[in-house]
Every structure is written in C-alpha cells, then in structure tokens.
Amino acid sequence: MLYRYLLKPILFRFDPETVHDTFIAFGEFAGNFPPLRALIRLTYDYRGKSIARVVDGITYRTPLILSAGFDYNGRLTRILPAIGFGGVEVGSVTARPCEGNEQPRLTRLIRSKSILVNKGLRNDGVETIIARLKRTPRVPGFVIGVSIARTNDALSASNEAGIADYVESYRRLSEEGIGDYYTINISCPNAFGGETFTTPELLRPLLSALRQVPSKKPLYLKLPISLPWEKLDELIAVGIEFRISGIIIGNLQKDYSTLDFRKEAPKDYRGGLSGLPTKARSNELIRLAHAKYDSRLTIIGCGGILTPEDALGKIAAGAELLQLITGMIFSGPGLLKKIANAIAR
Ligand SMILES: Cc1cc2nc3c(=O)[nH]c(=O)nc-3n(C[C@H](O)[C@H](O)[C@H](O)COP(=O)(O)O)c2cc1C
C-alpha cells in the first residue's frame with residue numbers, strides 16, 4: 001500500500017535510471033545498517049511454512065531470484081533476503097567495465113506494464129564486482145548467482161575476442177570462488193558489432209571454451225525468447241552436449257507488437273521489453289522445454305511475473321525457480337511475500 005499509493009506515484013515522476021540508482025544506494029545502506037534491515041525484514045520478509053527448494057545442489061529459502069540487470073554491480077546481497085528473495089543474479093558482468101549505451105537506457109511503458117531496456121550492459125566490470133562481493137559479508141542461506149556477458153566495447157567485437165571475454169570473467173569468478181551458480185547471457189548484442197551467440201555454430205565454441213575452466217558449480221544458459229522454438233531447441237541441444245545444468249527462459253522481448261499499447265514505445269527498435277510483453281512467450285517456451293527436457297535440465301522461469309498468479313502460472317508451466325524484476329518495480333517489494341504465500345498455499 002505504502003509503495004503503491006505513496007512512493008510509486010512520486011518515483012514514477014522521475015527518470016527511471018535516477019530512481020534505480022537511488023534505490024540501489026538506499027538498499028545498500030539498509031543492508032549494512034542492522035536496525036533498518038530488521039525493520040524491512042519485519043515488514044516484507046516471508047515467514048510462512050517452508051517453501052525451500054534444493055536445485056542443482058543449492059538450497060533456496062524461497063524459489064524467488066532477482067533477475068539479472070537490477071543489482072548489476074552486486075550491491076544488494078544483504079538487503080534482498082529481507083524482502084523474501086531466495087537469491088539474486090548479479091550482473092550481467094563483463095570482463096571490462098562498461099559505460100553502457102547512451103541515455104535514455106530505461107523507459108517506463110506504464111500502461112503496457114513494461115520497461116524498455118537499452119542498458120548496453122552497463123556494469124563495473126568483473127574485477128570490481130569480485131572485490132565488492134568478497135568484502136561484503138554473506139547472509140547465510142542467500143544464493144548469489146552471477147550472470148556473465150560479453151563486454152560491450154570495440155575490443156570484444158569479434159567472435160574470438162567475445163569468447164575470450166566471457167571466458168575471462170568465468171575464469172576469474174571461478175578462481176575467486178565468487179558465485180554459487182553462473183549464467184551465460186548469450187543474447188545481448190554488442191553495440192560495437194559482432195553477433196550474439198544465439199546460433200549453434202557460435203554457441204558451440206563458446207561453451208567449449210568455457211568448459212576448459214575448472215568449475216563444479218551449476219552453469220545455466222539464458223535464452224532469448226524471440227527465436228522460434230526449433231531454433232531454441234538447437235541451442236538447448238548444444239547446451240546439453242556441454243553439460244549445462246539448466247536454462248533460463250528467458251530474456252527481453254524484441255517484438256514491439258506484443259505491447260498492449262504499441263504507441264508507448266518508439267517506432268524503431270531501441271532495446272528489449274521487460275514485463276507483460278514477455279509473459280505469454282516465456283510461458284509457452286517453458287512448457288515446450290519442460291515437455292522435452294524435464295528430467296535433464298533445470299528450468300528457471302523469467303518474464304512478466306507481475307502477480308502471484310503469474311508466478312504460479314510459471315511453476316505450472318514447468319519452472320523450478322522463478323526470476324523477476326519488473327513486477328517488483330511496478331508493485332513494490334511487497335510482491336515477493338505475496339508470491340511466497342501463494343506458493344505456500
Ligand atoms: C532494467 C533491466 C536491466 C536488465 N539487464 C539485464 C542484464 O544485464 N542481463 C540479463 O541477462 N538480463 C537483463 N534484463 C532482463 C531481465 O533479467 C529479465 O530477463 C526480463 O526483464 C524479464 O523479466 P521481468 O519481466 O520480470 O522483468 C534486464 C531487465 C531490466 C528490466
């Protein structure tokens with residue numbers, strides 16, 4: 001109520017990225033300030049019967065993970081457990097720091113319940129993020145995954161340099177023991193050129209190179225939702241060849257015709273859509289992947305979880321874990337407890 005009727009109307013008057021940066025600063029401060037953290041926990045944390053899940057050897061207190069892109073610099077790992085999250089996917093991180101694309105990087109499409117994302121992988125770079133996560137005391141039982149992408153700069157534009165870039169981040173994270181699981185984000189385009197790794201011909205050498213890095217931790221592949229199922233299926237088959245533990249379905253929606261209010265978005269493509277426009281397609285793909293790969297792969301459902309019913313819909317489609325961002329931005333941190341209660345029921 002507080003968020004919806006007081007905070008949100010004020011916050012939504014300001015530039016989304018400024019609000020985001022303010023929230024990160026507040027969340028980081030609250031996480032390190034025990035009285036405020038305790039107050040937030042009292043208000044927002046889930047305290048019902050256990051809905052814990054063990055997935056690929058990792059225990060999640062709740063099956064709810066903050067999806068990649070919100071806590072991209074790993075600053076919120078101490079406050080997120082207090083609002084009902086079982087884990088966070090930090091990143092996407094890249095081997096070198098990235099400024100990101102030119103502003104505006106985020107645009108709210110309020111009536112369509114979506115955010116137009118054109119962030120261009122803005123992040124502090126893997127070394128800074130490793131150092132930050134190392135010096136931040138961990139909250140016991142809270143899972144930290146790390147999403148890895150290719151640096152968005154001219155140096156990593158070629159496919160070979162792109163692969164080396166992914167490998168560098170993965171190797172450094174593994175060496176330092178940072179991250180409980182890793183996700184390879186293959187579908188972010190590089191503004192400086194080069195392909196995304198969304199064909200079997202490109203994905204195979206990427207996974208082959210990543211598999212040279214010694215690691216026993218689960219490795220997931222985050223899939224685009226804009227490809228036909230047959231194409232995705234080919235990518236999943238390559239993933240299985242290289243013993244990935246699972247797939248995240250999926251990333252942002254590129255098709256603007258899925259917007260309820262098409263006019264809210266610019267005419268030409270300027271980034272992917274989150275929230276409601278991703279929901280139907282993500283659910284459809286989860287269902288197809290579940291029917292074919294159920295026992296062989298973990299499926300993490302992501303895209304358009306705006307209500308507890310949406311979360312249950314993803315579980316019914318075959319997802320074992322859930323990831324979200326936009327629902328929390330539109331409904332506030334109280335959404336997590338509501339979802340957790342619905343799962344418990
Ligand atoms: C602001 C923002 C930034 C994002 N950045 C990333 C990113 O860096 N890496 C990634 O894999 N996905 C990124 N995404 C996509 C989300 O992780 C998620 O796949 C997508 O938003 C669908 O979930 P949602 O509808 O719950 O937001 C981003 C999404 C948003 C809204």
Name every residue in the stretch 77-116 that is in contact with a Phe, Trp or Tyr (Cβ under 8 Å, 6 or more places away or on another chain) and under 21 Å from Asp15 (Cα atoms), in order of residue number.
Arg108, Leu109, Ile110, Arg111, Ser112, Lys113
Which of the residues belonging to the stretch 109-151 are part of a loop (DSSP other than H, G, I, E, B), under 28 Å from Ser331 (Cα atoms) and within 12 Å of the ligand (Cβ to nearest atom)?
Ser112, Lys113, Asn118, Lys119, Gly120, Leu121, Arg122
Check the stretch 272-283 and report whether any residue there is away from the ligand (no atom under 13 Å from the Cβ) and either among the acidic types (Asp, Glu) or in contact with a Lys or Arg (Cβ under 7 Å, 6 or more places away or on another chain) (or both).
no
When only residues in the stretch 93-148 that are under 14 Å from Leu173 (Cα atoms) and hydroxyl-bearing (Ser, Thr, Tyr) count, which is surrounded by the most Cβ atoms within 10 Å (Cβ to Cβ)?
Thr94
Which of the residues belonging to the stretch 218-256 are aliphatic (A, V, I, L, M) and within 16 Å of the ligand (Cβ to nearest atom)?
Leu219, Leu221, Leu223, Ile225, Leu227, Leu232, Leu235, Ile244, Ile247, Ile248, Ile249, Leu252
Within the stretch 55-89, the count of residues that are surrounded by fewer than 22 Cβ atoms within 10 Å (Cβ to Cβ), among the hydrophobic types (A, V, I, L, M, F, W, C) and more than 11 Å from the ligand (Cβ to nearest atom) comes to 2
How many residues are in contact with a Leu (Cβ under 7 Å, 6 or more places away or on another chain) and outside any loop (DSSP other than H, G, I, E, B) if we restrict to the stretch 152-163?
3
Inside the stretch 256-283, the number of residues satisfying the requirement of being surrounded by 14 or more Cβ atoms within 10 Å (Cβ to Cβ) and farther than 17 Å from Leu306 by Cα is 6
Unmet requirement for Leu235, which otherwise passes all of (1) crowded, with 19+ Cβ neighbours inside 10 Å; (2) out of contact with any helix residue (DSSP H, G or I) (no Cβ under 7 Å at 6 or more places or on another chain)
(2)
Filtering the stretch 1-24 down to residues that are out of contact with any Lys or Arg (no Cβ under 8 Å at 6 or more places or on another chain) and closer than 20 Å to Gly74 by Cβ yields Val19, His20, Asp21, Thr22, Phe23
Can Thr298 be described as hydroxyl-bearing (Ser, Thr, Tyr), away from the ligand (no atom under 12 Å from the Cβ) and at pLDDT 95 or above?
yes
Among residues of the stretch 149-161, those that are surrounded by fewer than 24 Cβ atoms within 10 Å (Cβ to Cβ), modelled with pLDDT of 90 or more and under 22 Å from the mean Cα position of the chain (by Cα), counted
0
Can you name the condition, by its number, that Glu168 falls short on among (1) within 16 Å of the ligand (Cβ to nearest atom); (2) buried (at least 17 other Cβ atoms within 10 Å of the Cβ)?
(1)
Name every residue in the stretch 289-313 that is surrounded by fewer than 18 Cβ atoms within 10 Å (Cβ to Cβ), closer than 24 Å to Leu219 by Cβ and of a type outside the set (Ser, Thr, Tyr), in order of residue number.
Ala291, Lys292, Asp294, Arg296
Residues in the stretch 295-345 that are in a loop (DSSP other than H, G, I, E, B) and farther than 20 Å from Leu276 by Cβ: how many?
6
Among the residues of the stretch 236-245, is any part of a helix (DSSP H, G or I) and at pLDDT below 95?
no
Check Tyr166, Tyr182 and return the single one that is under 20 Å from Gly69 (Cβ atoms), part of a helix (DSSP H, G or I) and touching a Leu at 6+ places or on another chain (Cβ under 8 Å).
Tyr166
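The values are calculated or read from the model by the stated rules, or taken from the named source; none is laboratory data. Computed from a predicted structure; not experimentally measured. Please note: Cβ atoms are built from the backbone with ideal geometry, for glycine as well, and neighbour counts cover all protein chains shown.
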